[in-house]
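We did not get these values from a lab; they are worked out from the coordinates using the rules stated. Quick caveat, the model's predicted, so the values are computed rather than measured. We place every Cβ from the backbone using ideal geometry, glycine too, and count neighbours over all the protein chains shown.
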Ligand code: ASP
């Protein structure tokens with residue numbers, strides 16, 4: 001038989017529920033939003049709105065960063081954001097836009113993806129990428145590819161032109177060859193700053209001998225994009241060279257669906273950056289989605305909980321777009337290269353804790 005205390009607490013729960021239902025009914029009666037993290041886009045227009053968030057990686061970014069590097073990073077973020085904004089405003093699909101934006105970021109030497117991919121322990125480059133369509137839950141991923149100029153497009157081909165979700169190494173390259181994808185020699189990925197970073201990481205690792213921590217947590221710089229299109233569909237895409245001085249054959253979170261990349265129209269699209277092993281263990285991207293889908297959280301609360309409670313300070317960050325078009329950008333490192341744009345005219349990029357509105 002339930003104790004008096006149990007009965008009282010059930011009674012109190014009943015009262016709270018009744019009050020909540022009553023308040024919700026009154027609020028909607030008077031046209032008030034019951035719980036909306038952001039204002040609706042498009043000024044109430046019937047046309048569904050769009051939103052876009054991008055990242056160029058999280059890491060330890062010094063405030064006294066070389067101003068020229070800072071300008072290059074900001075300009076690369078702004079032009080990718082601009083390209084994505086133009087396409088979403090024109091009605092392109094979220095999947096098309098996240099692929100195009102990530103391709104553009106892969107071609108920019110500033111970021112650790114495509115052209116600017118970091119060096120692995122053998123002095124080579126192995127790239128990972130994934131894309132997911134929140135409308136159908138279709139997904140495509142590739143890992144350990146070494147000759148693809150734009151791994152994100154191969155990930156999309158895996159999603160749309162194969163029966164599979166995930167292809168690795170030689171098999172992924174063979175699939176790319178069948179489809180006539182553009183390939184490059186490994187020296188295409190040689191970027192002087194990355195090479196120096198690798199040499200420093202090797203020295204540090206030889207001194208520290210900590211095989212578990214990333215050899216270089218300074219400038220992770222993976223790239224990603226999440227979008228909600230005018231039809232209300234969501235998509236996420238992420239691409240990376242992985243961690244500097246990673247073991248040959250190591251695969252991070254980025255191509256692991258649900259770890260570094262995830263999208264579901266019913267909840268959110270998420271793209272992560274950071275210490276991949278941590279993101280895989282916590283299935284971070286899916287965790288955010290699940291907290292929204294069946295945990296009753298707003299996107300912002302879900303992201304905060306995962307970043308603050310499931311990960312450790314310094315592990316990384318993520319970008320997310322919700323089914324309602326809300327955008328959340330969060331990280332627990334000193335900075336994250338990032339940008340956000342939406343149909344309400346928002347257009348801003350940021351590196352450290354505050355965003356910098358752009359005059360574009
Ligand atoms: N998450 C990526 C990885 O571990 C690295 C990054 O975000 O820069 O492969």
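What is the fewest-to-most order of 51, 326, 75 by other Cβ atoms lying within 10 Å of their Cβ?
Values: 51 27, 326 20, 75 14.
Placing the least packed residue first, the sequence is 75, 326, 51.
So how far apart, in nm, are the two label points at residue 68 and residue 107 if each is 7 Å from Cα heading toward Cβ?
2.3
By count of other Cβ within 10 Å, fewest leading, how are 183, 146, 354 ordered? Let's see the in-between values first.
On the way: 183 14, 146 20, 354 8.
So the residues, fewest neighbours to most, are 354, 183, 146.
Starting from the 7 Å offset along Cα-to-Cβ, what nm value, one decimal, do you get for the label separation of residue 266 and residue 313?
3.7
Where in segment 257-293 does the label zone of residue 301 land, with the point 7 angstrom along Cα→C-beta and an amide N cut-off under 12 Å?
291-293
What are the semi-axes of the equivalent ellipsoid for segment 206-360, taken as the square roots of 5 times the Cα gyration tensor eigenvalues, largest first, in whole Å?
Details: eigenvalues 136, 64, 38 Å².
Largest first, segment 206-360 gives 26, 18, 14 Å.
Listing 203, 82, 106 from the residue with the fewest other Cβ atoms within 10 Å to the one with the most, what is the order? Each step should come with its number before you reach the end.
Details: 203 11, 82 17, 106 25.
The order, fewest Cβ neighbours first, is 203, 82, 106.
If r is the Cβ-Cβ distance from residue 206 to residue 96 and R0 is 35 Å, what FRET efficiency results, to the nearest 0.05?
On the way: r = 45 Å, r/R0 = 1.29.
Approximately 0.20, to the nearest 0.05.
Counting pairs of alpha carbon atoms under 8 Å apart in space and at least six apart in sequence, what relative contact order in percent does segment 58-209 give?
Numbers: 201 pairs, mean separation 27.4, N = 152.
18 percent.
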